[in-house]
Amino acid sequence: MKKKDNDFLKKLLYKLSRWYKCFRFGIANIKKRIPDKFSKQLARFLLILVASVTVVFVFLNRDNLSPDQVMTWASDKIVTFGVGPDFPSHIVGNKVSDKNFKLLDGNVAVVSDTAFVCLNGSAKEIASRQHGFSNPTLKVNSNKALIYDLYGTGLAIESKSTEIYKTNKKDNILSAAVACNGIYGTVTQTKGFTGKLELFHSCKNESFYEYCFSDCYITDMAINKNGKSISTVGVTSKNGGMISNLYIFDGKSENAKLKLDFPDSMLFSVSYLSNGNVVVLGDNILSVVNTSNGKKHDYLFENRALTAFDVNEDKGILLSLSLSDDGNSCELLLFDKKGNLEKNIKTDLKIKAVSYNYDRITAVCYGYTYVYKKNGKALGKYDSGKDAKEIILFSPKGAYVLGFTEIRKILF
Amino acid sequence: MKNILLTLSYDGKNYHGWQVQENAVTVQEEFQKTLKKVLNEEPNIKGCSRTDSKVHANMYCVSMKTESNIPLNKLPVVLNKYLPNDIAVKRAVEVSPDFHARYSCIGKEYIYKIWNDNIRNPFLDGYAFHYWYPLDIDLLNEAASYFIGTYDFTSFCTLDKRRSGNMVRTIKNFKVVRENELVTLIVQADGFLYNMVRIMVGTLLQVACKRIRPEDVKSILLAKDRSKAGPTAVPYGLYLNRVFYKGEKL
């Protein structure tokens, strides 16, 4: 060993021994001030408390603490680091549908016609993986992204750092969703029925639950965070009229736990809120359903048209409704997680896209982003590009905007 | 032990491609089950290609070595009795011992069918891509001509964990023909990369709707960047149409 290395080691050992002595002195000092008997009881109590909290935490999160989940979480955190070329960032591929632009665990994720891409806050490519889907559709749940080929059979589950699972389903996929723990579900076309719901454990292709719909054409499905509640919405006809159905399943019972009808509405979107309620959206209605007691809180659009919406699982729902045929003069309506209308902000804007997060609302109109506080106070107007077609708030002071060819970041 | 070349055709609608997969029905799996019933053995079969889920084949070649004494002119008849209706064996011939369905192949021809009308054709559901915007065949042929030649087709390949290696292929012929509402794209090459034909079709459809010019195909090829090419067209319009071998009578 060289003399230099030897000296360094000696210095390091000396420092370590000094720290240890200080630590021991500190502990001894504390012990002196506390009676011996009391300190032992206190230590025992603290130990039991920490152990209990740890056991409860592990039990409640046992699905998320499997070795795979922990590995994925750790590698996701690592890949997010790094500095990129900053925004605007050119889209990989030719086009990105508005619905394929989301936040994946705090970072912007898009699926274009050729690839799945995830960018960090400085536009560094955390993930860029090609796919061969003709009609790629993106769904996100916390740190999991599910991409499926709409009306095709391909499906992939991605995290920021890796492709977790890829498979083909037997029948064409009408909708799909994923839970945070990797449980995923599909609704596929099937012979003799209008659709089949199947649920799968993480990275498995054999379903553990199946349900066949006899007359309802499913338009969307959602799964809650832990994969124990699954919802589907679809349309059917009854007595010559159109009717939409919401089904809620628990993934165990033979039949749906809850089935609700929405006459004269066409439901096209379903999602979960963090309080366990389900949000359904249709062409003329918003409904928030309590999955425990089946009670729903409806809001009818009456003669207004829906121009944009955003569902934030932690905050609530934001709708943009227009009274006029040309989509102008939109109202921004804010609902809480129980479905109560919190705020109605009247504008003269033709709103194309909205986002709701923190205590901020953003609305895109003719290339500008209008920012409001939750209480309706206007905070400003920011240039987001003439081709801006979708927006996601990532902080109270910033949003990502999707254009035709690039993703931009605007700060307010 | 005889080395036999079997020529098949199959309707890929109900299958997840050729190659055996876990928890998915594939053509190879059905074919192997039938071989076991008929030959009472499980020969190691070599397919000429790996077709994707829902892709069809008008001609698909399989080679295998077998001890079976079933006359070759009767073998297709016997196999077809046990095969499902959407798979058929057309011919069986004996080939040289070193013949391999895949490695002895010198070229393939794929066709892609598009039903070009604003009303769908119920008889072609799952067999042709329904595209309702008008297609200018001359424009498509002009764009297709830029593919002909030897190029690196990285831009026209979906790269995943499995794929790597030589991306250079030679397109011998690429033409687009119309018969009433049915448009067929026919492409012949010495080999094809993963999703190559479907991406080429997706790119030509971009030319058809004037998003890119025919001459842009050349720059897309030279870019060697998948994101520059068009989207991947749906699989059910694609057919493996012919497989070419040297010195064999097909």
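The values are calculated or read from the model by the stated rules, or taken from the named source; none is laboratory data. Every value quoted in this text rests on a predicted model; they were computed, and no experiment measured them. As a convention, Cβ positions derive from the backbone with ideal geometry for all residues, glycine included, and neighbour counts pool all protein chains shown. Heavy atoms of the whole protein, side chains included, go into the accessibility calculation; ligands, DNA and RNA do not. Shrake-Rupley method; radii C 1.70, N 1.55, O 1.52, S 1.80 Å.
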- Message: Can you list residues from other chains, or at least 5 along the same chain, whose modelled amide H is less than 5 Å from the amide H of A:ALA176?
- Response: A:VAL187, A:MET221
- Note the buried accessible area between B and A here, summed over both chains, with a 1.4 Å probe, in Å² to the nearest 100. 1600
- Taking Cα pairs closer than 8 Å and at least 6 residues apart, the relative contact order of segment A:302-412 in percent is 17
- Message: Can I get the semi-axes of segment A:348-394's equivalent ellipsoid? Compute them from the C-alpha gyration tensor as square roots of 5 times the eigenvalues, in angstrom, largest first.
- Response: 17, 11, 9
- Residues with amide H under 5 Å from that of A:SER329, placed H, sequence gap 5 or more: A:LEU349, A:LYS350
- Message: Considering only C-alpha atoms, what is the centroid distance from segment B:18-69 to segment B:171-250, in Å?
- Response: 26
- Query: Of the heavy-atom accessible surface of the protein assembly as shown (probe 1.4 angstrom), what whole percent is carbon and sulfur?
  - Reply: 54
- Taking Cα pairs closer than 8 Å and at least 6 residues apart, the relative contact order of segment A:175-279 in percent is 20
- Task: Would you mind getting the Kirkwood hydrodynamic radius of chain B from its Cα pairs, rounded to one decimal in Å?
- Result: 19.1
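Would you please put A:137-145, B:124-132 in order of how densely packed they are, using the mean number of other Cβ atoms within 10 angstrom per residue and starting with the highest?
A:137-145, B:124-132
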- Query: ³J(HN,Hα) across segment A:238-248 via Karplus (A = 6.51, B = -1.76, C = 1.60, θ = phi - 60°), whole Hz, x for Gly/Pro?
  - Reply: 8, 6, x, x, 8, 9, 10, 10, 10, 10, 10
- Task: Return the calculated 222 nm mean residue ellipticity for chain A, to the nearest 500 deg cm²/dmol, obtained by summing -39500 (n - 2.57) across DSSP H runs with n ≥ 4 and dividing by the residue count.
- Result: -6000 deg cm²/dmol
- Message: Restricting to Cα pairs below 8 Å that are 6+ residues apart, what does the relative contact order work out to for segment B:2-103? Please round to a whole percent.
- Response: 43
- Query: Over all residues in B:51-60, what is the mean tally of Cβ atoms on other chains that come within 10 Å of each residue's Cβ?
  - Reply: 2
- Based on the Cα atoms of segment B:106-243, what semi-axes does the equivalent ellipsoid have, where each is the square root of 5 times one gyration tensor eigenvalue, given in whole Å with the largest first? 23, 16, 14
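Just need the Rg to Rh number for segment A:233-301, please, alpha carbons only, Kirkwood Rh.
Details: Rg = 11.9 Å, Rh = 12.3 Å.
In segment A:233-301, Rg relative to Rh is 0.97.
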- Restricting attention to the alpha-carbon atoms of segment A:242-384, what are Rg (one decimal) and Dmax (integer), both in Å? 15.9, 52
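What does the convex hull of the Cα atoms of the protein assembly as shown come to per residue, in Å³, rounded to a whole number?
268
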- Task: In square nanometres and to one decimal, what's the mean projected area of the convex hull around the Cα atoms of segment B:1-115?
- Result: 7.5
- Message: Just to be sure I understand the curve: with the Debye formula and one point per C-alpha of segment A:69-132, what is log10 I(q)/I(0) at q = 0.15, 0.17 Å⁻¹?
- Response: -0.46, -0.58
- Task: Let me know the shape class of segment A:188-296, please: from the alpha-carbon gyration tensor, a ≥ b ≥ c as square roots of the eigenvalues, rounded when a/c is under 1.5, otherwise prolate if a/b is greater than b/c, or oblate.
- Result: oblate
- Message: Suppose we keep just the DSSP beta bridges with both residues in segment B:106-243; what percent of those would be antiparallel, to 5?
- Response: 90
- Message: Give the list, by residue number, of cysteines in chain B with no other Cys Cβ closer than 4.7 Å, or say none.
- Response: B:CYS105, B:CYS157, B:CYS209
- Message: Rounding to the nearest 10 and keeping the result within 0 to 90°, find how far the Cα-based axis of helix A:3-33 lies from the longest principal axis of chain A.
- Response: 80
- Take the alpha carbon atoms of segment A:278-337, find their center, do the same for segment A:124-166, and report the distance between the two centers in whole angstrom. 28
- Message: Please report Rg (one decimal) and Dmax (integer) in Å for the Cα set of segment A:302-412.
- Response: 12.9, 38
- HN-Hα J in Hz across segment A:331-339 - Karplus 6.51, -1.76, 1.60, θ = phi - 60°, x for Gly and Pro: 9, 9, 10, 10, 10, 7, 6, 9, x
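Please state the charge dipole magnitude for segment A:64-187, taken about the Cα centre, from unit charges on C-beta atoms (+1 on K and R, -1 on D and E), reported in debye and rounded to the nearest 20. All intermediate terms of the calculation are to be shown ahead of the outcome.
Values: 12 positive and 11 negative charges, 28 e Å.
Magnitude of the dipole: close to 140 debye.
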- Hey, what do the phi angles of segment A:46-53 turn into as Karplus ³J(HN,Hα) couplings, whole Hz, using 6.51/-1.76/1.60 and θ = phi - 60°, x for Gly and Pro? 4, 4, 5, 4, 4, 4, 5, 4
